[in-house]
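The values are calculated or read from the model by the stated rules, or taken from the named source; none is laboratory data. Only a predicted model underlies this, so the values are computations on that prediction, with no experimental measurement involved. FYI the Cβ positions are ideal-geometry reconstructions off the backbone, even for glycines, and counts take in every protein chain you see.
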Amino acid sequence: MNDPHGLDLSPMMQSTLEIALVGTAMILLVSKGRRNAIEAVAILALAVIGRMLMEPIPNVQPVTVLVMLAAVRIGGSQAASIGILAAYLSNLSMGGGSWTVIQALSWASVGILTALLMRNSELCSRSFTAYTLLMGFVYGFLVSLPLGMQMWISGLPFDLLHAIGNLTIAVWTVDLIDRTLGTSSELEWVRPDLNRGLTAPSRQV
């Protein structure tokens, strides 16, 4: 399959890879018990619905931030599964192709990388929002890898939009989502405060 926006795969190879990806993701989603599975499904639903609703805004969507939140709360493997399934489920509405494979693998990588970077809870509490900026560019680099460095460089303005969108979503919504999901996270969130800027902790642990 010759696809200028994705991988050059034969139909058989693409189908096999997609079945393997989705199957692995579904296994990982429920691999850590009922409570974590319910939370993973809730985050997945938010990611899919949020991405579809925000489709008109170029490169701004909540999937990256929610995959990162899942990595902190329930681990890298389930965060990776959320990234994979969010790509496939949202693209049922937004349009799919071989690029969905790249998107799925890139969001899975974001989840695993976030879990590795944020093993230390103190580091998480200070750095999560800043890391959402970084992951906007990491994701852009990963999805551009099969298409070459020129494509990555030309896409940097869109990666900047992604990063700014991540920051905005993280600052304004992650605290609320984290509280709603419960107390398994040990992050100390920052939120906008008109008197104190963007450094006011909304919760201390």
Quick one: what pairs do we get from region 148-164, first residue assigned to a helix (DSSP H, G or I), second acidic (D, E), C-beta under 9 Å, 6+ apart or different chains? W152/D159
Looking at region 21-40 only, could you name the residues that are exposed (fewer than 15 other Cβ atoms within 10 Å of the Cβ) and aliphatic (A, V, I, L, M)? M26, I27, I38
Would you call A25 touching a residue at least 40 places away in the same chain (Cβ under 8 Å) and either under 25 Å from L160 (Cα atoms) or of a type in the set (V, I, T) (or both)? no
If only one of V72, V67 is under 27 Å from T16 (Cβ atoms), in contact with a helix residue (DSSP H, G or I) (Cβ under 8 Å, 6 or more places away or on another chain) and buried (at least 22 other Cβ atoms within 10 Å of the Cβ), which one is it? V67
Let me spell it out: the conditions are (1) buried (at least 23 other Cβ atoms within 10 Å of the Cβ); (2) hydrophobic (A, V, I, L, M, F, W, C); (3) within 27 Å of P11 (Cα to Cα), and L92 meets all of them except one. Which number is the exception? (1)
Kindly list, by first and then second residue, each pair from a residue in region 86-98 that is under 15 Å from Q61 (Cα atoms) to a residue that is of a type in the set (A, V, I, L, M) and surrounded by fewer than 18 Cβ atoms within 10 Å (Cβ to Cβ), limited to pairs with Cβ atoms under 7 Å and residues at least 6 apart or on different chains. Y88/V22; S90/M52; S93/M52; M94/M52
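Let's see how each residue does on (1) at pLDDT 90 or above; (2) buried (at least 18 other Cβ atoms within 10 Å of the Cβ); (3) of a type in the set (K, R):
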| position | (1), (2), (3) |
| --- | --- |
| L113 | yes, yes, no |
| L117 | no, yes, no |
| L123 | no, no, no |
| S127 | no, no, no |
| A130 | no, no, no |
| M135 | yes, yes, no |
| G140 | yes, yes, no |
| L145 | no, no, no |
| M149 | no, no, no |
